[in-house]
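Heads up, the thing below is written out as structure tokens.
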Amino acid sequence: MRRERDQEMLELEVFADQIEKKRYFSPFELSYLSHFPLIYELYQRSMSLFEEWESIGTERETLRLVQCHGRPSPDHLIIDHQRNYRFINMEHTDAGHPAHDIAWMYQSCMEERCFEPVKAYNWIQTYNQHFPFQDADQVLLKSQILYPGRLFSFLKKSQNRKLSSEPSLTFELEQHVGLLEKIKQDMDTWPEDKAT
């Protein structure tokens, strides 16, 4: 995972370098360059937390695995006749660390309520009350939440953009960055836990 993420960040840096060599920037390129410091900062924080979790995990020699939904979001929740919540759309289900699903759900909720203030720490602690985090699990959770992976996927698709798609892609890039800013703003309010 670390190699993949390092490769992704390298590609983002190369893309920024290619843009900087130009004399004139398109709106999309200008937006990307102006937000690159935030993207880079979140990547660095994410990887620092990942390395911290990894070092604690190697000392412990255990890894917490559960059956993960894969891509949980509010759209994948239904309420049955007994008022119980159930997940649907299980095609990405696989074994993994619970931090993956919690981070994905967190980002999905933030994305859907991007322009409203959202304080997610309390509902993450609700999960913690039912399935307590081990000493370093919250470190991995923070790493997963801060990692700008969805932005990387979007940028990869948009590199061969046409001039006609420039306005809509610039708008979409701004939405992605707005989400990252909102996530950073929310996570900066989280109390420090013992593992970090």
Here D for the range 130-196, in µm²/s, from Stokes-Einstein with a Kirkwood Rh over Cα pairs at 20 °C and 1.002 mPa s, works out to 151
In Å, the Kirkwood estimate of hydrodynamic radius for the range 39-129 over Cα pairs equals 15.3
Please calculate how many Å² of accessible area the chain carries per residue, with a 1.4 Å probe and no DNA, RNA or ligand atoms counted.
61
Quick check on the range 1-90: what does the Kirkwood estimate of hydrodynamic radius come out to from the alpha carbon pairs, in Å?
17.2
Could you pull out the pairs from Lys22/Lys184; Lys22/Lys156; Lys21/Lys184 whose alpha carbons sit more than 22 Å apart here?
Lys22/Lys184; Lys21/Lys184
With only alpha-carbon atoms counted, please give the Rg and Dmax of the range 12-57, in Å.
14.6, 48
What residues from the range 143-163 fall in the zone where the backbone N is under 13 Å from a label point 7 Å along the Cα-to-C-beta line of Glu4?
149-150, 153
Given contacts defined as C-alpha pairs under 8 Å and at least six residues apart, what's the relative contact order of the range 53-152, whole-number percent?
31
How long, wide and thick is the chain, going by the Cα atoms along their three principal axes, in whole angstroms, largest first?
57, 45, 31
Heavy-atom accessible surface of the chain: percent carbon and sulfur, 1.4 Å:
53
Give or take rounding to whole Å, what are the principal axis extents of the alpha carbon atoms in the range 76-180, in descending order?
50, 37, 31
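The values are calculated or read from the model by the stated rules, or taken from the named source; none is laboratory data. Being a predicted model, the structure only gives us computed values, none of them experimental. Virtual Cβ from ideal backbone geometry, glycine too; neighbours counted across all protein chains shown. Just so you know, the surface numbers come from the protein's heavy atoms only, side chains and all, with ligands and any DNA or RNA stripped out. Shrake-Rupley method; radii C 1.70, N 1.55, O 1.52, S 1.80 Å.
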